[in-house]
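What follows is one structure encoded as structure tokens, with my remarks underneath.
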Amino acid sequence: MVTPPRAALLSRRRALTLGLMAGIAVSVYATTDLEPPAPGMKVLGASERALLDAVGDTLFPAGALGPAWSSLGLSEEVDRLLSGGLSEKMATPFRGLLRALGMGVALSQGARFVNLGPAERLELLSAFGEVGPLPKRLAHDALKSVMAMAYFGHAEVQRALGYHSFCHDLPREGA
Amino acid sequence: MRGFTPGKHSFEDYGGALSLEVDVAVLGAGAGGAAAAYALATAGHTVAVIEEGRHWRPAQFQRSNPWALRNLYQDQGARAAMGTGGFLPVNGGKGVGGSTLINSAISFKTPASVLKGWREDSGFNPKGDFERLLDEVWSTVGVIVNPEPIQGRNNTIFKQGAEALGLKGGWLERGAPGCTGCGACQIGCPSGGKNSVDRTFLAKALHTGRVGVYADCRVEDLPHDGARVSSATGRLMEPNAQAPAGGFEVKAKRFVLSGGPIGSPRLLKRAGLAPNEHVGQHLHFHPAAGVFGAFDEDILHWKGVSQGYYVDAWDEGYLLETSTVTPDLHYVGLGLPFGPELNAVMADLRKTASAGAMVHDEDTVGVVNANSISLEFGDGDRRRMLAGLRRCAEVYFAAGARYVVSSVAGAGVMRDMAQVNAQLHEDVSFARITAISSHPMGTCRTGDDPAESVVDPSGLVWGTDNLHVADASVFPSSLGVNPQITVMACGLMIGAEAAARV
């Protein structure tokens with residue numbers, strides 16, 4: 001009887017979990033050689049921006065929620081959040097998270113996330129949200145929160161959703 | 001800047017250094033600190049209120065969740081308790097007004113059974129005047145039920161479902177007499193309709209002419225000789241970068257620590273003033289999780305009172321309260337995997353109502369450490385939370401919901417109670433629940449036994465001569481209802497005790 005290779009015994013999702021955990025473990029200890037900011041960005045490097053665009057367009061394609069992520073330039077908004085719009089302290093952990101995601105996909109799928117098709121991307125991101133070890137859940141929730149802040153904070157998306165409170169019309173001062 | 005001056009002060013006034021001497025320094029300008037400052041000032045003492053965050057005016061609030069997290073929340077909203085089974089974000093406010101800047105002003109008096117237990121078991125409030133103090137707070141905060149026309153459909157549809165089921169409940173009483181119903185309480189009330197303590201107790205304290213409120217000052221140490229604290233020292237915080245820029249020292253005869261249930265025990269430990277191992281222990285959370293009901297009609301949950309109606313399931317260990325959050329937080333709270341189903345539910349936002357179950361925690365164990373908060377979520381609390389979520393779903397179906405979604409990962413879209421009971425059964429693990437805590441408490445608990453508590457019934461830290469604590473950390477146990485009124489009454493009580501000893 002031929003024993004199948006170990007990799008074949010792992011489902012894609014199980015493999016992603018293991019890859020993500022490995023990526024998270026590596027990222028925790030290797031956040032010193034992060035790439036320099038891409039042109040026009042304060043924090044995120046070119047490959048991080050490309051990964052974020054790919055993730056964003058997978059989560060938020062053009063449709064009932066509003067325009068597509070990349071058409072709104074929302075990776076720049078994430079860069080703004082990480083450079084002071086939300087918290088500078090989050091910049092390094094969030095970049096570590098992107099690195100973990102990139103490494104996790106590469107280790108488990110043998111391909112870069114940005115080179116996968118839309119269905120494969122969505123399957124992987126969906127699996128990311130399944131219950132698993134605490135670091136994976138923290139990473140998932142952090143990604144979901146930051147992506148949501150950027151996307152649902154955009155005026156066009158809020159318009160598409162019908163989100164407008166009269167508090168938005170009250171006078172406001174710069175702060 | 002040298003010397004005490006009554007009034008409001010900010011980073012721009014300090015010129016890189018601040019040195020003061022007053023009768024009493026109150027460290028923290030939240031619900032407890034503000035009420036304590038008022039009690040001290042009306043007793044005739046000079047008071048410096050020291051606060052890490054800024055002074056705010058309503059028009060400065062930007063109606064943006066990232067902006068609010070950065071400027072109005074402790075640790076920029078990233079504070080969480082961690083355990084092997086999951087994690088629990090622990091919210092706390094920052095700024096003059098503290099957590100009353102970001103709460104919904106929900107007002108409950110301390111439940112009689114809880115107060116009775118505190119008195120009998122911990123010697124709480126030996127003067128027996130706490131009920132009078134609760135009345136004083138109630139009146140000062142201007143607690144009312146907001147009129148039905150501004151409640152909004154998010155609240156009225158929940159009321160409709162609860163009444164159809166015959167559940168006990170009612171309109172939530174709130175310290176927001178000028179509320180216009182814009183649903184923005186948790187990102188800073190932009191209309192000024194909410195009576196956060198900067199507009200009530202601190203305003204009244206400032207009016208005495210004996211109080212200075214010093215914003216942008218982060219307390220880092222309490223130099224002492226073993227029992228007697230001589231000063232509070234720390235860093236001035238440049239408000240835009242939120243980075244240290246200069247130092248300060250405040251000398252006083254007495255000190256009232258009101259840094260909240262996370263900050264107060266940490267400072268006691270850092271300063272070497274922890275009387276025993278109970279400092280930072282016994283952290284209670286009121287953990288809460290959400291249910292979202294989708295209807296055929298527009299709900300527009302952001303139009304109306306942010307939290308206006310509740311179901312009283314006190315005897316079962318939880319309350320159900322309606323809630324409103326910004327769209328990004330709504331998305332985060334939906335326990336669905338990334339993909340078309342999540343986006344379809346999100347596209348129903350305008351037709352979706354939002355509420356949650358808040359648990360009166362009994363068996364969850366939390367501990368505040370120097371740089372972390374540990375958590376062991378109790379099985380009983382987990383079961384109570386799931387029971388609350390099921391009841392919440394039942395309310396929505398009774399009001400005609402097409403489907404409900406919860407903040408339990410993997411539970412999916414549920415279209416009837418059979419699906420709810422199957423998905424939100426009592427064996428669901430805590431790891432699957434996206435929960436939150438907005439009411440930490442109990443980490444410097446009151447007691448009459450110095451071996452079993454952190455502060456005595458007057459709020460004085462055991463083993464010290466002149467350091468009191470006045471915030472939710474002095475609660476002897478979990479409260480079970482939204483705590484702002486109880487915290488303010490504790491502030492009045494402990495402020496008066498401190499005033500009598502200056």
Problem set entry | For the range A:9-158: rounded, prolate or oblate by the Cα gyration tensor [a/c cutoff 1.5] | oblate
For this session: Can you tell me the 0 to 90 degree angle between the C-alpha axis of helix B:153-164 and the longest principal axis of chain B, rounded to 10?
Result: 70
Problem set entry | Residues A:ARG80, B:ARG501, B:ARG199, sorted so that the one with the fewest Cβ neighbours within 10 Å comes first | B:ARG501, A:ARG80, B:ARG199
Exercise. Considering only A:ALA155, A:LEU138, A:SER75, whose Cα is most displaced toward the positive end of the charge dipole of the range A:9-158, charges sitting on Cβ of Lys, Arg (+1) and Asp, Glu (-1)?
Worked result: A:LEU138
Seminar exercise, completed: Note, B:GLU297: beta-carbon cut-off 14 Å, +1 each Lys/Arg, -1 each Asp/Glu, net +2
Seminar exercise, completed: Under the Karplus relation with 6.51, -1.76 and 1.60 and θ = phi - 60°, whole-Hz ³J(HN,Hα) for the range A:150-160, x at Gly and Pro, equal 5, 6, 7, x, 7, 4, 5, 5, 4, 4, 4
Exercise. How high is the relative contact order of chain B, in percent, with contacts defined as C-alpha pairs under 8 Å that are six or more residues apart?
Worked result: 24
Problem set entry | Point-charge dipole on Cβ atoms (K/R +1, D/E -1) for the range A:9-158, about Cα centre, debye to 20 | 460
Exercise. By the gyration tensor of its Cα atoms, with a ≥ b ≥ c the square roots of the eigenvalues, what is the shape of the protein assembly as shown: rounded for a/c under 1.5, prolate for a/b over b/c, or oblate?
Worked result: prolate
For this session: Kindly express, to the nearest 10 degrees and within the range 0 to 90, the angle between helix B:484-499's C-alpha long axis and the longest C-alpha principal axis of chain B.
Result: 10
For this session: Would you work out the charge dipole size for chain B about its Cα centre, treating the Cβ of every Lys and Arg as +1 and the Cβ of every Asp and Glu as -1, and quote it to the nearest 20 debye?
Result: 1140
For this session: Would you please classify the overall shape of the range B:196-246 from the alpha carbon gyration tensor, given that a ≥ b ≥ c denote the square roots of the eigenvalues, rounded means a/c under 1.5, and beyond that prolate means a/b larger than b/c while oblate covers the rest?
Result: oblate
Exercise. Counting only DSSP beta bridges with both residues in the range B:1-142, what percent are antiparallel, rounded to the nearest 5?
Worked result: 50
Seminar exercise, completed: Taking every DSSP bridge whose two residues both lie in the protein assembly as shown, the antiparallel percent to the nearest 5 is 65
For this session: Could you point to the residue in B:VAL197, A:LEU51, B:ALA451 farthest towards the positive end of the protein assembly as shown's charge dipole, with +1 and -1 charges on the Cβ of Lys/Arg and Asp/Glu respectively?
Result: A:LEU51
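For chain B, give me the percentage of DSSP beta bridges that are antiparallel, rounded to the nearest 5 percent.
65
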For this session: Using a 10 Å cut-off on Cβ to Cβ distances, tally the other chain neighbours for every residue of B:323-331 and report the average as a whole number.
Result: 5
Exercise. Once both axes come from the Cα atoms, what is the angle between helix B:260-270 and the longest principal axis of chain B, in degrees from 0 to 90, rounded to 10?
Worked result: 40
For this session: Go through B:ALA370, B:THR322, B:GLY339 and say which Cα lies farthest out towards the positive end of the charge dipole of the range B:319-386; charges sit on Cβ, +1 for Lys and Arg, -1 for Asp and Glu.
Result: B:GLY339
Exercise. Suppose every K and R has +1 on its Cβ and every D and E has -1 on its Cβ; what is the size of the dipole of the protein assembly as shown about the Cα centre, in Debye to the nearest 20?
Worked result: 860
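Can you give the net charge of the other residues whose Cβ lies under 12 Å from the Cβ of B:LEU424, counting K and R as +1 and D and E as -1? Before the final figure, lay out each step's value.
Working: positive: B:ARG382, B:ARG383, B:ARG390, B:ARG391, B:ARG432; negative: B:GLU394, B:GLU426, B:ASP427.
With Lys, Arg at +1 and Asp, Glu at -1, the net is +2.
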For this session: No other cysteine beta carbon under 4.7 Å away is the test; run it over chain B and list who passes.
Result: B:CYS179, B:CYS185, B:CYS189, B:CYS217, B:CYS392, B:CYS444, B:CYS490
Exercise. Can you sort A:TYR151, B:TYR403 by how many other beta carbons sit within 10 Å, fewest first?
Worked result: B:TYR403, A:TYR151
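Each reported figure results from applying straightforward, stated rules to the coordinates on display, with no laboratory input. Computed from a predicted structure; not experimentally measured. Glycine gets a Cβ as well: all are built from the backbone with ideal geometry, and neighbour counts include every protein chain shown.
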